[in-house]
């Protein structure tokens, strides 16, 4: 049995003028015990998919199943077995850490003691603050508490909607280590994130854009499918460098990635490129061949079918 | 059951940890009752008066003693001449002056007629009327006593009797009004805000994706406010009996029973508000404008319904507080039993049923 199955799910929201299609004909499935990531920018439709799967929203079209239960007909059964952590911090700010955990344990018909081993790793870090009100915790601590609360009833499947948004890098890393440990205990995890660097930590990922899934595969396969050499280019004037690189006749694509520009070429003639840059006044341009990341693949997929390549116009 | 208890415990944590809401829930009823019961009142108490006794005989002394010993009047000064009367009024300390004619007792005994003048400060006409009435009542009392002693065959006795509220106490109207208002405020407004708060903070999302049944969530939200309402009823009744001196004439059981019905009605109204709003602010606004305003204006508490234009009279029938205030006045003050208020009780019951049905229908098990 699949842990999660979606078939041709469509979800639209009516607005005053038009209807917005948040999820556009999405189908995918998640195996039991898998750590599956929905990767995409804000507004890609990730939260809508989570809410449809957690029976909070009804899809306009299509069918979805969680552990074999239909999300519409068997919503009660699903609510018993899933753990859900919404994107917004959804715990009681005026209750203490311990009271929050106790409350959610009781709501799910269990006790902290019963499933303590499941949350122990996470909760141990919170225990020094257990009499502190949840509203007074740091962002990372809040997320850990929310995860503890979502886990306390030993769910068969865990839905985490952007659990690391707004959390510092150290806490994010810790958080993902926790997810790995939970996965090792056999819990299926569906996680969404706008951070591409977190994608490679999943078993499989779906890259989403504008309510559609662009590709689903393991992070390794997606990177392998990149199929080109990728170069990182750096010089003193990064802004003119970007424009110059894009104007270079052999450029296939060029995007700004933090401190460097990532470049793919249709024809690899490095000498020509170096000379071109020198002519354009980039004195200390450094060109390095690098391994593509998920984000490179995402950018590649995003622009591929719909828009023409910039260099086609140059030809 | 354990879920329910934990949930209710959680609700009490929310309430008890928020000092402001605590003040509203527990302090407001007491303050309102005392303000309406004591401060805002037409009743007369310890009014300063002046006496000009031109006779100084047994009869006038007798009347003065009676006036003084009543709790309504304090003799501020005794005057010697007519000129002093005006001066005394101008000091602003006295509200009434009483002037006895010369040879008061002689006239009374021999001609059966004696004159006594009551001069009142009529800048507040209502108060002036009340004050002069009080004094004439006291004088009348004395006169009828004299007549009894003299055993005269034909004595004309003017009897003024104020039904149900012989002392025209303000508390008689304010207690039912305050109860109608406070219970609605706490039960409807606070419950709707408490439920909408979960929606607004996003915790409702988690509660829905849990094995806890949605109706159980609602019940646990409602019970704390039900308990607090009961505490308030007890406070109001104890205060009105022991501080405002307003006895409960009818059956306490009937009074409390109908009050519980009214609380249920208000709670289901709060539930209804929570199903149509998504933010705490909206819930508060609807509660204040949609509930408080009609309760104060249309329940017959502040303004008599019979004096309203027909449209408002018809509208007032849809205000639950109107029916509740009729019940409380009846049971608490007139001491009537269930046979005379069953209609009002039935109306409240029907209103509750309608509110509940609509809110159950409207309650969303999804987002």
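The values are calculated or read from the model by the stated rules, or taken from the named source; none is laboratory data. Quantities reported herein were computed from a predicted structural model and do not represent experimental measurements. Note that we place each Cβ from the backbone using ideal geometry, even for glycine, and neighbour counts take in every protein chain shown.
Just to be sure, is residue B:56 more than 14 Å from chain A (Cβ to nearest Cβ), more than 30 Å from residue B:218 (Cα to Cα) and assigned to a loop (DSSP other than H, G, I, E, B)?
Values: more than 14 Å from chain A (Cβ to nearest Cβ): yes; more than 30 Å from residue B:218 (Cα to Cα): yes; assigned to a loop (DSSP other than H, G, I, E, B): yes.
When the stated conditions are applied, residue B:56 passes them.
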Q | Extreme residue, surrounded by the fewest Cβ atoms within 10 Å (Cβ to Cβ), among residues of region A:223-247 that are touching a residue at least 60 places away in the same chain (Cβ under 8 Å) and closer than 12 Å to residue A:273 by Cα | A | A:247
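Run down A:160, A:145 and say which single residue is more than 8 Å from every other protein chain (Cβ to nearest Cβ), in contact with a helix residue (DSSP H, G or I) (Cβ under 9 Å, 6 or more places away or on another chain) and under 25 Å from residue B:8 (Cβ atoms). Before you say what the answer is, go through the steps one by one.
Details: A:160 fails: under 25 Å from residue B:8 (Cβ atoms).
Exactly one residue qualifies, and that residue is A:145.
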Q: Kindly provide the set of residues from region A:26-59 that are more than 14 Å from chain B (Cβ to nearest Cβ), touching a strand residue (DSSP E or B) at 6+ places or on another chain (Cβ under 6 Å) and farther than 21 Å from residue A:154 by Cα, ordered by number.
A: A:26, A:27, A:28, A:29, A:38, A:39, A:40, A:44, A:45, A:46
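A quick yes/no check of all residues on (1) modelled with pLDDT of 85 or more; (2) under 21 Å from the mean Cα position of the chain (by Cα); (3) under 23 Å from residue B:191 (Cα atoms):
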residue	(1), (2), (3)
B:310	yes, no, no
B:335	no, yes, no
B:342	yes, no, no
B:347	yes, no, yes
B:350	yes, no, yes
B:353	yes, no, yes
B:361	yes, no, yes
B:367	no, no, yes
(Q) Test of understanding: among B:300, B:245, which residue is part of a loop (DSSP other than H, G, I, E, B) and more than 25 Å from residue B:26 (Cβ to Cβ)? (A) B:300
Q | Lone unmet requirement of (1) more than 30 Å from residue A:182 (Cβ to Cβ); (2) outside any strand (DSSP E or B) for residue A:232 | A | (2)
Q: Check whether at least one residue in region A:13-25 is assigned to a loop (DSSP other than H, G, I, E, B) and either touching a strand residue (DSSP E or B) at 6+ places or on another chain (Cβ under 6 Å) or closer than 24 Å to residue B:215 by Cβ (or both), and report yes or no.
A: no
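Which residue is surrounded by the fewest Cβ atoms within 10 Å (Cβ to Cβ), if the candidates are limited to region A:34-59 and must be touching a helix residue (DSSP H, G or I) at 6+ places or on another chain (Cβ under 7 Å) and either in contact (Cβ under 8 Å) with a residue 60 or more places away in the chain or under 20 Å from residue A:187 (Cα atoms) (or both)? Let's see the steps before the verdict.
First, pick out the residues of region A:34-59 that are touching a helix residue (DSSP H, G or I) at 6+ places or on another chain (Cβ under 7 Å): A:35, A:37-40, A:55-57, A:59.
Then drop every residue that is not either in contact (Cβ under 8 Å) with a residue 60 or more places away in the chain or under 20 Å from residue A:187 (Cα atoms) (or both), which leaves A:35, A:37-40, A:55.
On the way: A:35: 22, A:37: 27, A:38: 27, A:39: 27, A:40: 26, A:55: 26.
Selected residue: A:35.
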Q) Are any of the residues in region A:67-75 assigned to a loop (DSSP other than H, G, I, E, B), over 30 Å from residue A:211 (Cβ atoms) and either more than 26 Å from the chain's Cα centre (by Cα) or within 13 Å of another protein chain (Cβ to nearest Cβ) (or both)? A) no
Q: Return only the number of the condition from (1) free of Cβ contacts under 8 Å to residues at least 60 places away in the same chain; (2) surrounded by fewer than 19 Cβ atoms within 10 Å (Cβ to Cβ) that residue A:28 does not satisfy.
A: (1)
Q.
So if I check each of A:62, A:87, which one is in a loop (DSSP other than H, G, I, E, B), under 27 Å from the mean Cα position of the chain (by Cα) and touching a residue at least 12 places away in the same chain (Cβ under 8 Å)?
A. A:87
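Among the listed residues B:225, B:262, which satisfies the condition of being under 29 Å from residue B:367 (Cα atoms), touching a helix residue (DSSP H, G or I) at 6+ places or on another chain (Cβ under 7 Å) and assigned to a helix (DSSP H, G or I)?
Within the list B:225, B:262, the selection yields B:225.
Within the bounds of region A:165-181, is there any residue that is over 25 Å from the mean Cα position of the chain (by Cα) and part of a helix (DSSP H, G or I)?
Filtering region A:165-181 for residues over 25 Å from the mean Cα position of the chain (by Cα) gives none.
So far as region A:165-181 goes, no, none of its residues is over 25 Å from the mean Cα position of the chain (by Cα) and part of a helix (DSSP H, G or I).
Take residue B:239 and tell me if it is within 24 Å of residue B:292 (Cα to Cα), more than 14 Å from chain A (Cβ to nearest Cβ), in a helix (DSSP H, G or I) and under 13 Å from the mean Cα position of the chain (by Cα). Can you show your working first?
On the way: within 24 Å of residue B:292 (Cα to Cα): yes; more than 14 Å from chain A (Cβ to nearest Cβ): yes; in a helix (DSSP H, G or I): yes; under 13 Å from the mean Cα position of the chain (by Cα): yes.
Considered against the rule, which asks whether it is within 24 Å of residue B:292 (Cα to Cα), more than 14 Å from chain A (Cβ to nearest Cβ), in a helix (DSSP H, G or I) and under 13 Å from the mean Cα position of the chain (by Cα), residue B:239 comes out as yes.
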(Q) Yes or no: region A:207-216 includes at least one residue that is farther than 24 Å from residue A:191 by Cα, touching a residue at least 24 places away in the same chain (Cβ under 8 Å), part of a strand (DSSP E or B) and touching a strand residue (DSSP E or B) at 6+ places or on another chain (Cβ under 7 Å). (A) no
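Name the residue, out of A:128, A:163, A:155, A:169, that is under 24 Å from residue A:192 (Cα atoms) and without any contact (Cβ under 8 Å) to a residue 24 or more places away in the chain. Give the steps one after another, and end with the answer.
Details: A:128 fails: under 24 Å from residue A:192 (Cα atoms); A:163 fails: without any contact (Cβ under 8 Å) to a residue 24 or more places away in the chain; A:155 fails: without any contact (Cβ under 8 Å) to a residue 24 or more places away in the chain.
Step by step, each of A:128, A:163, A:155, A:169 is checked, and only A:169 is under 24 Å from residue A:192 (Cα atoms) and without any contact (Cβ under 8 Å) to a residue 24 or more places away in the chain.
Sort out for me the helices (runs of 4 or more DSSP H) sitting completely within region B:1-41 that have 3 or more residues that are within 14 Å of chain A (Cβ to nearest Cβ) and within 28 Å of residue B:240 (Cβ to Cβ). Steps first, answer last, please.
Numbers: elements: B:2-17, B:19-22, B:28-34.
Those helices (runs of 4 or more DSSP H) span B:2-17, B:19-22.
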Q) Within region A:82-102, how many residues are out of contact with any strand residue (DSSP E or B) (no Cβ under 6 Å at 6 or more places or on another chain), within 9 Å of chain B (Cβ to nearest Cβ) and under 15 Å from residue A:154 (Cα atoms)? A) 1
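Residues B:82, B:126: which one is surrounded by fewer than 17 Cβ atoms within 10 Å (Cβ to Cβ) and at pLDDT below 80?
On the way: B:82 fails: at pLDDT below 80.
Of the residues listed, the single one that is surrounded by fewer than 17 Cβ atoms within 10 Å (Cβ to Cβ) and at pLDDT below 80 is B:126.
Looking at region A:128-136, is at least one residue in the same structural domain as residue A:198 (by TED's automatic domain parsing) and surrounded by 19 or more Cβ atoms within 10 Å (Cβ to Cβ)?
Applying the first criterion (in the same structural domain as residue A:198 (by TED's automatic domain parsing)) to region A:128-136 yields A:128-136.
Applying the additional criterion that residues be surrounded by 19 or more Cβ atoms within 10 Å (Cβ to Cβ) yields A:134.
Yes, there is a match, as at least one residue in region A:128-136 is in the same structural domain as residue A:198 (by TED's automatic domain parsing) and surrounded by 19 or more Cβ atoms within 10 Å (Cβ to Cβ).
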(Q) Considering only residues that are touching a residue at least 12 places away in the same chain (Cβ under 8 Å), at the interface with chain B (Cβ under 7 Å from one of its Cβ atoms) and either under 24 Å from residue B:197 (Cβ atoms) or under 29 Å from the mean Cα position of the chain (by Cα) (or both), which ones fall in region A:104-125? (A) A:108
